[in-house]
1. Counting just the residues of the stretch 37-55 that are in contact with a His (Cβ under 7 Å, 6 or more places away or on another chain) and in contact (Cβ under 8 Å) with a residue 60 or more places away in the chain, which one comes out least open to solvent (accessible area, probe 1.4 Å)?
2. If I ask for residues that are at pLDDT 95 or above and touching an Asp or Glu at 6+ places or on another chain (Cβ under 6 Å), which ones from the stretch 61-91 would you list?
3. So for the stretch 83-90 (the condition being of a type in the set (A, V, I, L, M, F, W, C), open to solvent by 30 Å² or more (accessible area, probe 1.4 Å) and within 13 Å of the chain's Cα centre (by Cα)), does at least one residue qualify?
4. Any residue at all in the stretch 10-21 that's closer than 18 Å to ILE103 by Cα and at pLDDT 95 or above?
5. If a residue has to be more than 15 Å from ASP10 (Cα to Cα) and either open to solvent by 50 Å² or more (accessible area, probe 1.4 Å) or among the aromatic types (Phe, Trp, Tyr) (or both) to count, how many in the stretch 56-71 make the cut?
6. Of everything in the stretch 2-35, what is touching a Ser or Thr at 6+ places or on another chain (Cβ under 9 Å) and small (Gly, Ala, Ser)? Give them in sequence order.
7. Inside the stretch 10-36, can you point out the residues that are in contact with a Gly (Cβ under 7 Å, 6 or more places away or on another chain) and surrounded by 15 or more Cβ atoms within 10 Å (Cβ to Cβ)?
8. Can you pull out every residue in the stretch 12-27 that is touching a residue at least 12 places away in the same chain (Cβ under 8 Å) and in contact with a Lys or Arg (Cβ under 7 Å, 6 or more places away or on another chain)?
Amino acid sequence: MNSNIFKNGDVLLATHREIRKGYHPIVYLSGYSNESFIGAMLTHHSDTARNLKLDSSFFVNRVEFENSFLVLGKFLKSEEWGPFKKINELTPEGLSFVEKILIDKPQETFANYFRRHL
């Protein structure tokens, strides 16, 4: 378990990156348990109403995250996908925006989220 070393708004990559398990960059939102933490998912897929375009100014390293989208869900991210590596972080404005957008979203696995949106 290494997610407890990160802070709210850190952008992470999993070591074990399968298409439905840690593949996309993760915004660390909060701890949850010894087995998982709460995170948001970033993607470059814009072909769905379930993803919201993020302004590159929301990232400390803007260039690397141009054309990034936030998947509109709060996800349980498994510690088994780690160790995790910090690759960027949200600015205070970016973190505030993400938290505001996701405030009423349920905490769930991506599999449950995906099933609900088929």
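The values are calculated or read from the model by the stated rules, or taken from the named source; none is laboratory data. For clarity, every value in this text was computed on a predicted model and none was experimentally measured. Cβ sites come from the backbone with ideal geometry, for glycine too, and all protein chains shown count toward neighbours. What goes into the accessible areas is simple: the full protein's heavy atoms, side chains included, and nothing from ligands, DNA or RNA. Shrake-Rupley method; radii C 1.70, N 1.55, O 1.52, S 1.80 Å.
1. Filtering the stretch 37-55 for residues in contact with a His (Cβ under 7 Å, 6 or more places away or on another chain) gives 41-43, 50-51.
Adding the requirement that they be in contact (Cβ under 8 Å) with a residue 60 or more places away in the chain leaves 41, 50.
Working: MET41: 16, ARG50: 86 Å².
For the stretch 37-55, the residue satisfying everything is MET41.
2. Scanning the stretch 61-91 gives LYS86, GLU89.
3. Taking the stretch 83-90 and keeping what is of a type in the set (A, V, I, L, M, F, W, C), we get 84, 87, 90.
Within this subset, residues satisfying the condition of being open to solvent by 30 Å² or more (accessible area, probe 1.4 Å) are 87.
From the residues that got through so far, the ones that are within 13 Å of the chain's Cα centre (by Cα) too are 87.
Checking the stretch 83-90: at least one residue is of a type in the set (A, V, I, L, M, F, W, C), open to solvent by 30 Å² or more (accessible area, probe 1.4 Å) and within 13 Å of the chain's Cα centre (by Cα).
4. Applying the first criterion (closer than 18 Å to ILE103 by Cα) to the stretch 10-21 yields 10.
Checking which are at pLDDT 95 or above leaves us with 10.
Scanning the stretch 10-21 turns up at least one residue that is closer than 18 Å to ILE103 by Cα and at pLDDT 95 or above.
5. 4
6. SER3, GLY9, ALA14, GLY22, GLY31
7. Taking the stretch 10-36 and keeping what is in contact with a Gly (Cβ under 7 Å, 6 or more places away or on another chain), we get 14-16, 26-29.
Across the stretch 10-36, the qualifying residues are ALA14, ILE26, VAL27, TYR28, LEU29.
8. Filtering the stretch 12-27 down to residues touching a residue at least 12 places away in the same chain (Cβ under 8 Å) leaves 12-17, 20-22, 24-27.
Within the stretch 12-27, LEU12, LEU13, ILE26 qualify.
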